[in-house]
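First up is the structure itself, then whatever we jot down about it.
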Amino acid sequence: MSESEFEFDDDTETSADNVVLRVDDLQKRFGGLVATDHATFEVERGTITGLIGPNGAGKSTIFNLISGFYDPDGGSVEVNGVDVTGAEPYQVADHGLIRTFQTPRKLEGMTVREAMLVGPRNQPGESFIKLFTSPGEVGEHESKSLADAQRILEEFELDHLATQPATDISGGQMKLVELARAMLAEPEVLLLDEPVAGVNPTLRKDLAEQIRRLNEQGTTFLLIEHDMEFVMDLADPVIVLDQGSVLMEGPPQRVQSDPRVIEAYLGGGT
Amino acid sequence: MADASTDGDVPPEADADAEDDPGYWASLTVAEKGVVAFIGLFAALLVALLVTGGLGPAYFLYIVGLAGMYALLSFGLNAQWGFTGLINFSVAAFFGIGAYGAALMSGSTSPIAGGFNPMYGLVVALVAAAVLAVIIGIPTLRLRADYLAIASLGLAEVVRLVILNQREWTNGSAGVRGIPSFFEGWPVLSTFPEAMPGLEIVVIPGSPILLETSFWSALLNVALVLAFVGVSYFVLKRAHRSPWGRVLRTIRSDEDLARALGKNTYSFKMQSFVLGSLIMALAGVFYAHLNLFVSPGDLDPITTFYVWVAVILGGSGSNRGALFGGVLVVTIREGTRFLNELQVPVGISPVRFVELPIDPAPMRLLLIGVVIILVMRFRPQGVLPPQRELIWPSSVDESTPKTPKSGVRESKAGDTDE
Amino acid sequence: MPLLEYLANGLVFSSIIVLGSIGLSLIYSIAGFANFAHGDTMTVGAYAALVTFGTVGGLGGAVLGLPYGFFVALLVGLSAAVVVALVTERFVYKPLDVGSIGLLITSIGVAFVYRAVVQIRFGADFTRYGIQAVRPIEALVPYGIRVTVHDVAIVISAFVLVAGLHVLLQHTDLGRKMRAMADNPDLARVSGIRTNRIKLLAWVIGAGLAGAGGVFLGLFNQLAPRMGFNLLLLIFAAVILGGIGSVYGAMLGGFLIGMINQLTPILSDIRLLTDFGAYLPYVPDSVGITIGIEYANAIAFVIMVAVLLVRPNGIAGEAV
Amino acid sequence: MSDHVLSLSSVDSGYGEVQVLDDLTMHLDAGEIVCLVGPNGAGKSTVLKTAFGLLTPWEGTVDFHGRDIGGMAPEDIVREGIGYVPQTDNVFGSLTIDENLRMGGVARSEGLGEVITELYDRFPILDEKRSAKARTLSGGQRQVLAFARALVMEPDVLLIDEPSAGLAPNTADEVFEDVVAVNELDTAILMVEQNATKGLNISDRGYVLDQGTVAYEGTADGLLDNEEVSKLYLGG
């Protein structure tokens, strides 16, 4: 990430150093339905934080509120110590937060490689003017992006798909491509919405390994997941959401044994 | 550029193909061959008509000018619909703004300014189109695709009503006359048509082809439209395969995905909308100086749909498709005129036509309607859809170590760069 | 004070717009696309009625100043619109393999074909039904309201048709099936609803109402090949205002747009951009926009866009 | 020929040009619960769609009570006695609970009221909310409504696509209990389930699908105990 992008006020707030995402008293209503009800939590830098909760607990709504897809009715969201409440998604991304979607999004008429190249942020070639004033710079950056894309595809063992049409690969592979592409945006914190939903067990393990590897390289993760085994294995801490607000949070073992969580969510079977 | 031969592990048949060097023709898809054949036949027909005197040379050039104009309009719409997926049904409004901008600045009967050098008209027209694009874009570009269609058609109607009814600005239904040629006031070019001698070329004895002043001024118009088309094509081609164009294509496919990746999609959509509108206005400016008269009738919504036919026929998202579609639509438009008319229209532009025995308007409407239905039924992706991987040209070769094992469907080996 | 008269005219014009907008909305929610041929379907209805009325003529007595023959013509116009729409659905839309935007574009081609055929057969000029014009209702004239019994007939007929549709949708199994299909076509099919029939029914109702609206439009104004297309934008404005896909929203939107359209003369004292020429070189000082009736349609569009800015889903904004 | 209620023989099927099922053969007997498991893209949902007429088999036959129903339209197959519960969007959100159930019975000529009353007795949560719009239901309640909607026709066979998808674990357990309850009404169930272990736990038999064909078949317990299956497909 270029330094200039983050010259905000991370010096003024020292306590924010360790907190990459702060959600404070967030509220959202849809008509009569309260989807997010005074939700408050923090995500610490360098963690893989899990967000679990029963269906309808408002997990996806929180993702949409954090990433700027919805405007909250109340409360605030801070990314890297900067208040991004009500900001547009691209402004939130400017502060280092990128998200993925639950159902993989396929790009028609593009190869996997082209679809990957949408990932890098602030490409000079995305400025219409620069295409004509400094084509050299555009070309240079494009070469770099291509090389980065190739490298990441190799790391994900997806390079054999590079020139396949993006619409022709399986849903599970697309999930991996999405994660790989999100990494090209060099996020500080990455929000993953059900990364292994509909992914078969083998790819599931691949995904877990990749997430762990990227986390060790410094990316913070916040992930929604229904697969308890996956989330309990990977995430620490785990935040439990119920009826739009935070029921509890803590390390996976404590969450799993908490009676309130069992009552509201896990049930006897697990 | 057959780089397949540099790769060791292609199957033997492919190797053999590469060594045979099948040449340009064999490398084309069926549709491309059809288009090339069509263009060849069409050109032959035109030459035949020219030579036999069935088509006056000035009128021929007038049609070439119109074809260039439609190509420009198609480029403009392609930049909006083809690239970004914006359903703009206000093409006629931007065309009209361009035409009126030029006419009101340079026309002698202009109620506002008038008499200015056409270059000022060009600038004013483009600025006005950009302003209008932003005004229409602000409320509509946040809407769903089909809402944009309806809203833009409605707003185009507002523009037409204003031009029709604000007589003190536009002369209302009387239109603006006395528009000079675009090169008026330019050194050499302004007097070029008069300075050229009248030529008489005899190909078939008894029917000489006369090249008079009207021919030379029409030739200048063609040069002008070719310049406009050339510049637009260059700009769009570069934009289309750039990261900028890639964001637009992402928006077309899935806008939320583009947003999640940190793209300011509203801004990109606005840029695409304004760019397309500017090219449409350019077509309008050219039209004013081609026809030398503009009226509110030029803003009829039918123009919008002619251009839509051109773009979907050519292949959405494909610049060469838009070019082809634009030419084809003029053929339909002028062809219906031509079919009903046995006499050759003559005259200095504006070219005037004899009253026709049958009203060609509904026939043309019918034809356009049928073409739309048939294209959507049998070839919804258009005749020349885009089919190559679009990556900034200079970057592809150096950064991709491996030759694609299998490319984008329908694409040909080594064709990432044309 | 002509306000009452404008309101009365607004009510009549609204009735016609509502007939058009309900059909458009119904087809949007069940066939799944914005049908740009809807306006020209109205034209087809109007011209079919013209031909019929020319044949059956006066035919006996009269109701509300309208000869029986007119009601025969109304039925024929309505049926013609239905038949034309069904034939189009069967041979044009059904075989298509394109999304909703592709269908939208196709419907423009269909609209052109309808209009071209009408124009080739009847010419581009205005025409009228051969029905004697009637004088405004005497009893209302003292209040400044000049409406004819024909206008009353339009309002009553439209009301009957709309009320009938409401009963159908809410209180019959057929109506429930239509709502189910608008809600979730795949699930409707899985549940055993014969969705093709429901889709055809939506076309029948939508085109039928449009045909009736076209016949009334011809009675209210006059007939021309462009009559339906010219009205289409107002109908779209109504549908969007009410929330696209919502039948009841379309009724409300149609009512509002019709009223606004006929109330435009009230605005004619307002001048926009007055004297703005004084601030620009070369522009005469007196330049300004006076909102005359020629801007009646423009106002509807501007209101539509303004509503979209504030409420992107329209006023009602819910499916059916 | 056999007493299978539903059987697929050597079926090839797919979407557009893409083949998904490849020479697939399986059957369902009266009163059974059979679970289809396997990796993503193996064609589990495609089996249900082909059996239900949403896809036409390219090759092979789909046999229901000895009659070939391959390629019959879903709205006709419903009338033959098969019900289908899609994975997502399986209720009419803008219709009331009552209207949803009525839609389930459009193909019934008689006895609609009685069946619906019975279903209300069986699923009290629906009874409570009769005139509420279905979109106000929670995820688990929706799934119950979706089952009930399909049961109005009193089908011999119910095809269920991933009943636990998107549900919290405890809600999913409740839904599996409902599946068993439905089965006890003498309805044979063919179910696709991503959570293979839970799915097989309530099933009599199972098929493991891989690349469009049956890789393993057997009793549910047998499959759960099979080490190879467990390692390759159950993520164990």
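The values are calculated or read from the model by the stated rules, or taken from the named source; none is laboratory data. Quantities reported herein were computed from a predicted structural model and do not represent experimental measurements. No Cβ is skipped: glycine too gets one built from the backbone with ideal geometry, and neighbour counts run over all protein chains shown. Calculation scope for accessible area: heavy atoms of the full protein, side chains included, ligands and nucleic acids excluded. Shrake-Rupley method; radii C 1.70, N 1.55, O 1.52, S 1.80 Å.
For the range D:158-170, does any single residue satisfy the condition of being acidic (Asp, Glu) and either at pLDDT 90 or above or part of a loop (DSSP other than H, G, I, E, B) (or both)?
Among the residues of the range D:158-170, at least one is acidic (Asp, Glu) and either at pLDDT 90 or above or part of a loop (DSSP other than H, G, I, E, B) (or both), which makes the answer yes.
Looking at this structure, is C:LEU66 closer than 18 Å to C:MET227 by Cα and more than 17 Å from the chain's Cα centre (by Cα)?
No.
Which condition from (1) without any contact (Cβ under 8 Å) to a residue 24 or more places away in the chain; (2) not in a strand (DSSP E or B) is the one that B:VAL202 breaks?
Checking B:VAL202 against (1) without any contact (Cβ under 8 Å) to a residue 24 or more places away in the chain; (2) not in a strand (DSSP E or B), the one that fails is (2).
Looking at C:ARG179, is it open to solvent by less than 40 Å² (accessible area, probe 1.4 Å), touching a residue at least 60 places away in the same chain (Cβ under 8 Å) and either at the interface with chain D (Cβ under 9 Å from one of its Cβ atoms) or in contact with a Pro (Cβ under 6 Å, 6 or more places away or on another chain) (or both)?
yes
Could you check how many residues of the range D:108-125 are open to solvent by 30 Å² or more (accessible area, probe 1.4 Å) and within 19 Å of D:ASN90 (Cβ to Cβ)?
Result for the range D:108-125: 2.
Which of the residues belonging to the range C:79-121 are touching a residue at least 24 places away in the same chain (Cβ under 8 Å) and of a type in the set (S, T, N, Q)?
C:SER79, C:THR88, C:SER100, C:SER107, C:GLN119
Checking A:ASP94 against (1) of a type in the set (Asp, Glu); (2) open to solvent by 30 Å² or more (accessible area, probe 1.4 Å); (3) outside the structural domain of A:ASN18 (by TED's automatic domain parsing), only one condition comes out false. Which one?
(3)
Could you count how many residues in the range D:185-212 are at pLDDT 90 or above and under 21 Å from D:PRO124 (Cβ atoms)?
1
Only one of these is in contact with a Pro (Cβ under 9 Å, 6 or more places away or on another chain), farther than 30 Å from B:ILE391 by Cα, aliphatic (A, V, I, L, M) and open to solvent by 70 Å² or more (accessible area, probe 1.4 Å): B:VAL176, B:VAL188, B:VAL202. Name it.
Criteria check complete, one pass: B:VAL202.
Looking only at residues that are surrounded by fewer than 24 Cβ atoms within 10 Å (Cβ to Cβ) and part of a loop (DSSP other than H, G, I, E, B) in the range D:53-68, which one is nearest to the other protein chains (Cβ to nearest Cβ)?
So the first thing to find is which residues in the range D:53-68 are surrounded by fewer than 24 Cβ atoms within 10 Å (Cβ to Cβ), and the list is D:54-61, D:63-68.
Restricting the remaining residues to those that are part of a loop (DSSP other than H, G, I, E, B) gives D:54-58, D:65-66.
Values: D:LEU54: 8, D:LEU55: 13, D:THR56: 14, D:PRO57: 18, D:TRP58: 19, D:HIS65: 18, D:GLY66: 22 Å.
Filtering the range D:53-68 for residues that are surrounded by fewer than 24 Cβ atoms within 10 Å (Cβ to Cβ) and part of a loop (DSSP other than H, G, I, E, B), the one nearest to the other protein chains (Cβ to nearest Cβ) comes out as D:LEU54.
Counting only residues that are within 14 Å of chain C (Cβ to nearest Cβ) and either open to solvent by less than 30 Å² (accessible area, probe 1.4 Å) or at pLDDT below 85 (or both), how many does the range B:374-403 have?
4
Return only the number of the condition from (1) within 14 Å of chain A (Cβ to nearest Cβ); (2) not in a loop (DSSP other than H, G, I, E, B) that D:ASP89 does not satisfy.
(2)
Out of all the residues in the range D:156-177, which are of a type outside the set (A, V, I, L, M), more than 11 Å from chain A (Cβ to nearest Cβ) and in contact with a Ser or Thr (Cβ under 6 Å, 6 or more places away or on another chain)?
Within the range D:156-177, the subset of a type outside the set (A, V, I, L, M) is D:156, D:161-164, D:166, D:169-171, D:173-174, D:176-177.
Next, from what is left, pick out any that are more than 11 Å from chain A (Cβ to nearest Cβ): D:156, D:161, D:163.
Of everything in the range D:156-177, just one residue is of a type outside the set (A, V, I, L, M), more than 11 Å from chain A (Cβ to nearest Cβ) and in contact with a Ser or Thr (Cβ under 6 Å, 6 or more places away or on another chain), namely D:ASP161.
For the range C:186-198, state whether one or more residues are open to solvent by 50 Å² or more (accessible area, probe 1.4 Å), free of Cβ contacts under 8 Å to residues at least 12 places away in the same chain, in contact with a helix residue (DSSP H, G or I) (Cβ under 6 Å, 6 or more places away or on another chain) and of a type outside the set (S, T, N, Q).
yes
So which strands (runs of 3 or more DSSP E) stay within the range A:180-270 end to end and still have 3 or more residues that are open to solvent by 40 Å² or more (accessible area, probe 1.4 Å), within 14 Å of A:ILE48 (Cα to Cα) and within 14 Å of another protein chain (Cβ to nearest Cβ)?
none
State all residues of the range B:144-169 that are touching a Leu at 6+ places or on another chain (Cβ under 7 Å) and farther than 14 Å from B:PHE94 by Cβ; if no residue qualifies, say none.
Matches in the range B:144-169: B:ASP146, B:TYR147, B:LEU148, B:ALA149, B:ALA151, B:GLY154.
Among the residues of the range C:155-176, write down those that are more than 14 Å from chain D (Cβ to nearest Cβ), of a type outside the set (Val, Ile, Thr) and buried (at least 17 other Cβ atoms within 10 Å of the Cβ). Break it down into steps so the answer makes sense when it comes.
Residues of the range C:155-176 that are more than 14 Å from chain D (Cβ to nearest Cβ), as a first pass: C:155-168.
Applying the additional criterion that residues be of a type outside the set (Val, Ile, Thr) yields C:157-159, C:161, C:163-166, C:168.
The answer is C:SER157, C:ALA158, C:LEU161, C:LEU165.
Among the numbered criteria (1) assigned to a helix (DSSP H, G or I); (2) touching a residue at least 40 places away in the same chain (Cβ under 8 Å); (3) buried (at least 21 other Cβ atoms within 10 Å of the Cβ), which single criterion is violated by C:THR52?
(2)
Restricting attention to the range C:291-320, which residues are modelled with pLDDT under 80, within 9 Å of another protein chain (Cβ to nearest Cβ) and open to solvent by 30 Å² or more (accessible area, probe 1.4 Å)?
Keep residues of the range C:291-320 that are modelled with pLDDT under 80, which gives C:291-293, C:308-309, C:311-320.
Among the residues that remain, those that are also within 9 Å of another protein chain (Cβ to nearest Cβ) are: C:292, C:308-309, C:312, C:318-320.
Correct list: C:LEU309, C:PRO312, C:GLU318, C:ALA319, C:VAL320.
State which residue pairs qualify: first residue farther than 8 Å from D:VAL11 by Cβ and inside the range D:51-70, second residue outside any strand (DSSP E or B) and open to solvent by less than 10 Å² (accessible area, probe 1.4 Å) in any location, beta carbons under 6 Å apart, and separation of 6 or more residues or different chains.
D:PHE52/D:PRO74; D:PHE52/D:ILE77; D:GLY53/D:PRO74; D:GLY53/D:ILE77; D:LEU54/D:PRO74; D:ILE69/D:ILE77
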